[in-house]
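The values are calculated or read from the model by the stated rules, or taken from the named source; none is laboratory data. The model shown is predicted, which means the values in this text are computed figures rather than measured ones. Please note: Cβ atoms are built from the backbone with ideal geometry, for glycine as well, and neighbour counts cover all protein chains shown. When the accessible area is computed, the model is the full protein with side chains, heavy atoms only, and any ligands, DNA or RNA have been set aside. Shrake-Rupley method; radii C 1.70, N 1.55, O 1.52, S 1.80 Å.
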Number of protein chains: 4
Amino acid sequence: MTIWPYATPGIPDDMFERLPGIPMSKCEVRLLLISHLRLRSHSVFWDIGAGTGTIPVEVGLLCPTSKIIAIERDHDVAGLIDQNCLKFGVKNVEIVIGSAPECLDNLVIPDRILIEGGRSVKEILEYCWQRLAIGGRVIATAATLEGLYRISESFSQLHVRNVEIVQSAVNRLETKGNRQIFAAVNPIFILSGDKVS
Amino acid sequence: MTIWPYATPGIPDDMFERLPGIPMSKCEVRLLLISHLRLRSHSVFWDIGAGTGTIPVEVGLLCPTSKIIAIERDHDVAGLIDQNCLKFGVKNVEIVIGSAPECLDNLVIPDRILIEGGRSVKEILEYCWQRLAIGGRVIATAATLEGLYRISESFSQLHVRNVEIVQSAVNRLETKGNRQIFAAVNPIFILSGDKVS
Amino acid sequence: MTIWPYATPGIPDDMFERLPGIPMSKCEVRLLLISHLRLRSHSVFWDIGAGTGTIPVEVGLLCPTSKIIAIERDHDVAGLIDQNCLKFGVKNVEIVIGSAPECLDNLVIPDRILIEGGRSVKEILEYCWQRLAIGGRVIATAATLEGLYRISESFSQLHVRNVEIVQSAVNRLETKGNRQIFAAVNPIFILSGDKVS
Amino acid sequence: MTIWPYATPGIPDDMFERLPGIPMSKCEVRLLLISHLRLRSHSVFWDIGAGTGTIPVEVGLLCPTSKIIAIERDHDVAGLIDQNCLKFGVKNVEIVIGSAPECLDNLVIPDRILIEGGRSVKEILEYCWQRLAIGGRVIATAATLEGLYRISESFSQLHVRNVEIVQSAVNRLETKGNRQIFAAVNPIFILSGDKVS
């Protein structure tokens, strides 16, 4: 008996184990990320800065024959990813503890890369672009204007193709007492594109 | 060789065949709808007012062992749904041409219902709620304030449980010439809930 | 020497004195409210549920010959309004401490009414509509779905004319350390209309 | 008898004369712009790329003792600004026909500058910054990612202080037949800051 018996993504945020201070993509943002990833059933997917592990879990459930590598520099956070994979019965996630890009050197070549964090997004993007398989896709998220700039500039320098940029913005009706208050989910920019050659 | 070889939802809008004037849920809204549906691998899913057929296609790809019934009153639009299913190689969609709720009488009992349109959303909701299997889910969309009211009121009268309401609002950077203009996707309310008993 | 030497509205939020727990319309919402008020230079304006007093202050500065009556049931909050009027040198605000609608009986007839709060928005709206001068305007805000419903229903029952509904939604780039993070201001619905006869 | 007898800004869009193809800031965006301008009663205000003239009209009404200079390169559009000023009885707007920055050389020194358009926003910003009075403010709008980049970069190079960036995003309920449909106003970024020394 599994805790998420559904064939569709969109696990509610409060079903995940959390650690205080560790960021988590909100459900609605996660859906956009997953859609821009466009995983194949046998993709090799690097999730850099995997945080709470919500993306590895959702992707692991959707693509049980893909190989998912969650990269996370913090030991405790890596443990959290493991915990969430266990909770949802996800078995195709490998966790790598280390700082990107150094820790990526020995990993198997990916055809999908998601960059959710990291000290130097430009450096990580340049490294990842080299390693990404031809025909692969890269996705990066920005919560700040600086991040949006840097990623957009890097995408342009690396000649990423078919670049798409969306800005998520969802309002939820949150129940407080017996009232339903409109609450905004903070906007995130999602940038994605293809490596054609 | 399939046109959408990915294991994740989020087919770009322009990949679907379209008919002028026939509404289509935008990709970002579709993702939210699919996530609120929470289909099981063997769900029976009614999509009422299926329009362009984007939801049957995405759900058909995600849940190939589910039974999807697309209900559409217009003959030409029904043909469009068929065309899109063919285009994406979706084989588990049955198309029913007729006006809801009358045309629903002989259909197999569903555990997931999505109401995307219809002349009288209240009447359709009441009918559907009766037919929905225990443990099932109902989802409805509203683009208007009146729709939001009526659905919310009906949900309350029918004692729909675990009601969630989200309002999608996504900005896309659309390329016009060599400029990337921020364009807003019109907001849609999505209401969903469970039939517990 | 005045603290806000400008002829335009839009005082930054952090310039107002505040009390913990007392709601304050955010600057961007305030601008929308003021614009829907359409005050004349000699309007009589009731602000019901004036809270922190940001609207009386902004309107007092824009329309120094108008008569502004700020209604607030809480003693301490009324003191806060007074404090903010003093801080910004606003002299045309009268503060009435009491519960609406009872406390409104002896007030001079208004041609502009803003309802920002109150236990029973329907009762207050019905009362206010009676008192509102012909040619006057009523504005109400809703942060909840219930509020949106009730106000919209009351507007319809009272035959409010030229009803406009907008939903504010602003993202600010907020500086955290040396990063600028996109933060969403929670959405508020603003409903407004005319009393024609 | 004036057509806008109110002391508050926020003239509805459809009250302005328009020319097909000529851009117009939507009402809600205009309010944000005006608030970031922070005009004094005797400001000198350059509006570069004034388009339909909605800002000169609103500011002219709010600040009748300010000097407003509307700069517009197109002859017909300049005529439109004139027409709108006439319609609303605004008398303190001077219209300059020409291309910025060249046409700005002989203009009186401003303490408020709004850049709504122009072929090269960076060049215009650099020029304007030189001319702007100490203690003055500069505001620029961006509808594109490129614009957002360039303005943000220029602001940084010019050492603009107290930079604020907001992204407007308003949903309106628009009446279509007897339905009220949620429609999104396309988002605009507004960047503003001070010249301290």
Practice task
Kindly compute the accessible surface that chains A and B hide from a 1.4 Å probe when together, both sides summed, and give it to the nearest 100 Å².
Solution key: 2800 Å²
Fill in the blank from the handout: Compactness check, the range B:1-98: C-alpha Rg relative to the 2.2 N^0.38 Å globular estimate gives 0.96
Completion exercise
The computed P(r) of the range C:71-143 puts the percent of Cα pairs beyond 15 Å at 59 percent
Practice task
Give the carbon-plus-sulfur fraction of the accessible surface of the range B:104-193 in %, rounded to a whole number; probe 1.4 Å, heavy atoms of protein chains only.
Solution key: 46 percent
Exercise for the section: Only Lys, Arg, Asp and Glu count, each charged at its Cβ (+1, +1, -1, -1), so figure out the dipole size of chain A about its Cα centre, rounded to 20 debye. Expected result: 460 debye
Problem - Acute angle (nearest 10 degrees) that the helix B:145-157 long axis makes with the longest principal axis of chain B, alpha-carbon atoms - result: 30 degrees
Exercise for the section: Taking amide H positions as placed in the peptide plane 1.01 Å from N, state which residues far from B:LEU39 in sequence (5 or more) or on other chains have amide H under 5 Å from it. Expected result: A:ALA7, A:THR8
Exercise for the section: Alpha carbons only, please: Rg and Dmax for the protein assembly as shown, in angstrom. Expected result: 27.7, 80
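Averaged per residue, what accessible area in Å² does the range D:81-145 show with a 1.4 Å probe, protein chains only? If you can, show how the numbers build up before the last one.
Numbers: 2820 Å² over 65 residues.
So the range D:81-145 comes to 43 Å² accessible per residue, rounded to a whole number.
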Fill in the blank from the handout: Rounded to the nearest whole number, the Stokes-Einstein translational diffusion coefficient of the range C:116-197 at 10 °C and 1.306 mPa s (Kirkwood radius, C-alpha pairs) in µm²/s is 112 µm²/s
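Return the calculated 222 nm mean residue ellipticity for chain B, to the nearest 500 deg cm²/dmol, obtained by summing -39500 (n - 2.57) across DSSP H runs with n ≥ 4 and dividing by the residue count.
Result for chain B, helices only: -9000 deg cm²/dmol.
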Handout entry: Under 12 Å from the Cα of B:LYS67 - aspartates and glutamates, other chains or at least 8 residues apart
Key = B:ASP47, B:GLU94, B:ASP111
Completion exercise
Once normalised by the length of the range C:75-139, the mean sequence separation of its alpha carbon contacts under 8 Å that are 6 or more apart gives a contact order in percent of 30 percent
Exercise for the section: With a/c under 1.5 counting as rounded, go ahead and sort the range C:1-45 into rounded, prolate or oblate using the C-alpha gyration tensor (a ≥ b ≥ c being the square roots of the eigenvalues; past the cut-off, prolate if a/b is larger than b/c, else oblate). Expected result: oblate
Problem - For the range A:48-113, Kirkwood radius (reciprocal of mean inverse C-alpha pair distance, Å) - result: 11.8 Å
Problem - Residue-by-residue Karplus 3J(HN,Hα) for the range B:10-27, coefficients 6.51, -1.76, 1.60, Hz, glycine and proline x - result: x, 5, x, 3, 7, 7, 7, 5, 9, 10, x, x, 8, x, 9, 4, 5, 3
Handout entry: Cβ-defined net charge surrounding A:ILE95, 14 Å radius [Lys, Arg +1; Asp, Glu -1]
Key = -3
Fill in the blank from the handout: Per residue, the convex hull enclosing the Cα atoms of the range B:158-197 spans a volume in Å³ of 60 Å³
Exercise for the section: Roll a 1.4 Å probe over the protein heavy atoms and report the accessible area of A:THR65 in Å², nearest 10. Expected result: 80 Å²
Fill in the blank from the handout: Extend 7 Å from the Cα of D:ARG18 along its Cα-to-C-beta direction; within the range D:68-90, residues with backbone N under 16 Å of that point are D:77, D:80-81, D:84
Exercise for the section: Put one equal scatterer on each alpha carbon of the range C:32-154, apply the Debye formula with no solvent term, and list log10 I(q)/I(0) at q = 0.09, 0.13 1/Å to two decimals. Expected result: -0.21, -0.46
